[in-house]
Amino acid sequence: MPIIAPSVLAADFANLQRDIEMINRSDAQWIHLDVMDGVFVPNISYGMPVIKAIDELSDKVMDVHLMIVQPERYIKDFKEVGADVLTVHYEASTHLHRTIQAIKDEGMKAGVALNPHTPVHLMEDIIKDIDLLLIMSVNPGFGGQKFIQHTYEKIVQAAELIDRKNAEVLIEIDGGVSPGNAAQLTQLGADVLVAGSAVFSAPHPEEVINEMAYL
């Protein structure tokens, strides 16, 4: 059974409390929160006050994905607003090991995200230091994009690396995830599925979450 992490980026922000309460009722275990700065990705999302408000509305695991430059500047701040898992991008972190250690020092799980063009083998030296490997299956910055097929191969490569290094790391997939590909992603080794448009654009979002949760 995969962990389902509905992505708030696709929620209705005019009815955010309603959408969070829907997630609370569902079998989702995590809530995925994308933070974008308009620099690392060509879009700006929401910041710490929104994350704090969501944390106060929900007991789910707060899975915060930083698509920002110099993420190390804000580690303590995201802990204070409720982040349980904090993921930074390989491409945005000059001193990745130091950043990972700083996240762990704040008591959070530490994740590293890879853009679609970034190969898995670059994680060789740090895989044992992290808790989560997030594989982007679309180009980061916008919701509703088409799933990149090469992701399937990257999941297999990630699973092999984790096994070979005897690491305890969850594989998370973010982008274009839906009930149509969730089973295959899980079978190949994905542990956490981030779903945005597939959930919030559906007539019955809670049913979509529960369908993917019980593959």
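The values are calculated or read from the model by the stated rules, or taken from the named source; none is laboratory data. None of the values given here were measured: they were computed from a predicted structure. Please note: Cβ atoms are built from the backbone with ideal geometry, for glycine as well, and neighbour counts cover all protein chains shown.
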* Asked: With Thr151, Thr186 as the choices, which residue is of a type in the set (S, T, N, Q) and farther than 17 Å from Ala113 by Cα?
  -> Thr186
* Pairs where the first residue, in the stretch 192-215, is without any contact (Cβ under 8 Å) to a residue 24 or more places away in the chain and farther than 16 Å from Phe147 by Cβ and the second is assigned to a helix (DSSP H, G or I) and of a type in the set (Val, Ile, Thr), C-beta under 7 Å, 6+ apart -> Ala202/Val208
* **Neighbours by Cβ (under 7 Å, 6+ apart or cross-chain): first from the stretch 167-182, under 9 Å from Leu133 (Cβ atoms); second part of a loop (DSSP other than H, G, I, E, B) and among the β-branched types (Val, Ile, Thr)** => Val169/Ile130
* Asked: Which one of these does Leu86 not meet: (1) at positive phi; (2) touching a strand residue (DSSP E or B) at 6+ places or on another chain (Cβ under 6 Å)?
  -> (1)
* Structure fact -> Of the residues in the stretch 146-170, those that are in a loop (DSSP other than H, G, I, E, B) and surrounded by 16 or more Cβ atoms within 10 Å (Cβ to Cβ) come to Phe147, Ile148, Ala167, Val169
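Could you run through the stretch 133-145 and say how many residues are touching a residue at least 60 places away in the same chain (Cβ under 8 Å) and in a strand (DSSP E or B)?
1
Within the stretch 171-215, can you find the residues that are assigned to a loop (DSSP other than H, G, I, E, B) and closer than 15 Å to Pro2 by Cα?
Start the filter on the stretch 171-215 by keeping residues that are assigned to a loop (DSSP other than H, G, I, E, B), which leaves 175-181, 189-191, 196, 201-204, 214-215.
Within the stretch 171-215, Val177, Ser178, Pro179, Gly180, Asn181, Gly189, Ala190, Asp191, Tyr214, Leu215 qualify.
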* Structure fact -> Counting only residues that are under 16 Å from Ala195 (Cβ atoms) and at pLDDT below 90, the stretch 138-170 contains a total of 6
* To do: Just name the residue that is farthest from Asp191 (Cα to Cα) out of those in the stretch 97-112 that are of a type outside the set (Gly, Ala, Ser) and in contact with a strand residue (DSSP E or B) (Cβ under 7 Å, 6 or more places away or on another chain).
  => Thr99
* What pairs can you find where one residue is in the stretch 1-22 and of a type in the set (Val, Ile, Thr), the other is in a loop (DSSP other than H, G, I, E, B) and surrounded by fewer than 21 Cβ atoms within 10 Å (Cβ to Cβ), and their Cβ atoms are less than 6 Å apart, with a gap of 6+ or different chains? -> Ile3/Gln29; Ile20/Ser58
* Out of curiosity, is Ser93 closer than 19 Å to Ile173 by Cβ, touching a helix residue (DSSP H, G or I) at 6+ places or on another chain (Cβ under 7 Å) and polar (S, T, N, Q)? -> no
* Structure fact -> Residue hits (the stretch 145-159; among the charged types (D, E, K, R) and more than 15 Å from Gln187 (Cβ to Cβ)) are Lys146
